[in-house]
Structures are given as C-alpha cells and as structure tokens.
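Heads up: the structure comes next, in structure tokens.
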Amino acid sequence: MKGRLGKGLAALAAGMVLLSGCASGKAPERFTESFVGLFDTASTVTGYAESEQDFSNQMTRYEELLSEYDRLYDIYNDYDGINNLKTVNDQAGKAPVKVDQRIIDLLQFGKDVCTLSDGRVNICFGSVLSIWHDYREAGLEDPAAAELPPQQALEAAAKHTNIDDLVIDEPSGTVYLADAEMQLDVGAIAKGYSAQRAAEKLSEEYDINAVFSIGGNVTAVGWKEEKEENPWVIGVENPDGGDYLMTVSVPAGMSLVTSGDYQRYYTVDGKSYHHIISPDTLYPAEYLRAVSVLASDSGLADALSTALFLMTPEQGKQLIDSMDGVEAVWVTDDGVFQSDGFSQYIR
C-alpha cells in the first residue's frame, strides 16, 4: 500500500538518517515526513521549511514526482494510460513501444552503466533475475520448502541478456527488445536515479534544504539548518546489525548509497542467498558483505554500489580511483576498506 506513514512511524522509516543537533526554535524549522510503497520501500525526508504546512506541500509534490517514476519503471504492474517497462517487456520480440522520454533517459543511462561496469550491471539481465525473484519470493512465503533455481534454467535464461538487443530509437521515442525472451530489470539503478531526478525537480520548484532517504538511498539537497558548515550526517549500516558501522558527513549535492547481502535474501538449507546476482556465476556474489558509494548523483551511486558488490575490493578500488568525485567503503569478512578520499567524510 502506498501512502504517508503516521508520525509515530516516521522514526522507524528514517533508517540510516541521523540528525545531530536540535532546531533553534526560529524559522526555518526542521520537519520529517515519511511514506511507504514507492519502489517497494519506506522513504523519509527530513528538512527545513518556514512552516509545517510548507514542508507538507513540498513533500506532497515530491511523493507525486517519485510516484511518476515508480510507475514508469515498474516491471511488474500495468497502469492505465501508461506504457511502462512492463509494457516494453510484454512486447519483447513483437513490436517497438512508444514510451515517455524518462524511460529512454533511464535506459540510455543503463547502457552507459553496463559499459562502465564491464557488463556487471546489465539492465537486460531480467530473464535471470526474474528466476531468482520467483524462487526467493516462494522461499520467503514457505521457508521449509525453499529451493535454489535449477542451474540449467539460469544458464538458458542467461542466453537472452545481450544489451545490444535493447533497441532505443530516440527520434521516434520507442524502445524495442529484439530478443523475444529478453526482460528488462532496472532494479540496480532505478531507485537512485529516480530519487535524484525527483529531488532535482523539486528543488527547481521550491527552496529546498533536505535529506531524502529512499529505502536507504540518501540524497542531500541543500544543507542541514541551511548552513554550509553543517553537512547532513548519515549512518552506514553494519551488515551484522547493531550500531552503525560509521557515520558520514554528506554535503549538499551528494548522495550515499549502500548495497549489501543483508537487504533482500532468503535461506535454503541454512545458507542465505541475497538478491545481487553475478553475471559470471549466475549466483549471488560472495566478494563482499556491503559496499557504500558517495557521489554527486544518486543514480550513479546506486549503479556503482551494485557494480562494486560484483567485484573484488581490488577491482572496485581500481574503478573508483579512475573516477573523479566518487568515494567508496567496502565491508568484507576480513574487515573494512575505503578509497583514498573517503576518510575526509567520516565523522
């Protein structure tokens, strides 16, 4: 169910967001609102406005913007009057689909991410991911009967993941999957990408100083208490639970996104199997427990957090070192590692 959370649940939905200090009692004041359902997660926004009504109006608009992206990028549900990614998947091998420009923009970004990650993050990997999704959902519903997908089925599905079969005709505004058995899955990029675009649109309409936590994808727009010396303070979750692994200062215009083996998983014969699937093994990647990426764009941070999770820390650090303005921290069974510039953000 999609909608606002009651005030009593706001703190629970806040998840990673930590706010140090207290409101001064003068305008602007600090407010928090939360909602659930969009991108199948809980979201919380904390920010500053002259009145509670002003902040509520801003959040109503933000929820509207985010909801538009949620419907467009949905691969499971149809919506009246909308050609979304499910429509594209349903027409695989049949016909091009006329789509909103925002779908084309996301898919072009997905192609760039595939190149950047050397194929590890592939938005055309849905045929494999859908198998894991179905087995995971069945295993969560009936843990005693939980099973692993057959290797033969995974290998057969992997034959239909060539991103070159994703045909984007931007002048005509259409998308076509040339392989009838191909399926799009944008789970590795859509949440962060949408959070960034919605926050940018909102900041064009309002004077925003807020931190947006969309299922743990955290984006800072403006400064805490409208003061540049007060960056937002974000907690990085510990994969083993308990206290935060660390707290990080996130300046205005930056985002922090985490991928981990503890976020979505099910258990078969006593072993946990998470949702981040390697294109090499067709099984959940086992290099890391978690990885967090700090970047100026939440979509890029989202994509990179998945890409790095599918690499060794050494491979991941090489990628991060080749990029400007991007930092990361890795959590393995052997300890915590970070890129050269990450320490400046640790509180």
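The values are calculated or read from the model by the stated rules, or taken from the named source; none is laboratory data. Since we're looking at a predicted model, the values are computed, not measured. Positions of Cβ are backbone-derived with ideal geometry, glycine not excepted, and every protein chain shown enters the neighbour counts. What goes into the accessible areas is simple: the full protein's heavy atoms, side chains included, and nothing from ligands, DNA or RNA. Shrake-Rupley method; radii C 1.70, N 1.55, O 1.52, S 1.80 Å.
Within the set of other residues whose C-beta is less than 15 Å from the C-beta of N217, count the net charge using Lys and Arg as +1 and Asp and Glu as -1. Before the final figure, lay out the partial values.
Numbers: positive: K191, R197, R264; negative: D40, D70, E200, E237, D297, D302.
After counting each charged neighbour, the total is -3.
Averaged over its residues, the chain has an accessible area of 45 Å² per residue, based on protein heavy atoms and a 1.4 Å probe. Here the accessible area is traced with a 1.4 Å probe on the protein chains. For segment 190-347, carbon and sulfur cover 41 percent of it. Applying a length cut-off of 20 Å (Cα extent along the axis) and a mean Kyte-Doolittle floor of -0.5 to the DSSP H helices of the chain leaves 101-116, 126-141.
With 25 Å as the limit on Cα-Cα distance, the pairs of K111/K201; K111/K159; K191/K271; K94/K191 that go past it are K191/K271; K94/K191.
Only protein heavy atoms count here; under a 1.4 Å probe, T281 has an accessible surface of about 80 Å².
Here segment 101-163 has 49 percent of its accessible surface on carbon and sulfur atoms, given a 1.4 Å probe and all protein chains in place.
Just add up the charged neighbours of V97: K/R +1, D/E -1, any other residue whose Cβ is under 11 Å from the Cβ of V97.
Numbers: positive: K86, K94, K98; negative: D90, D100, D169.
That works out to 0.
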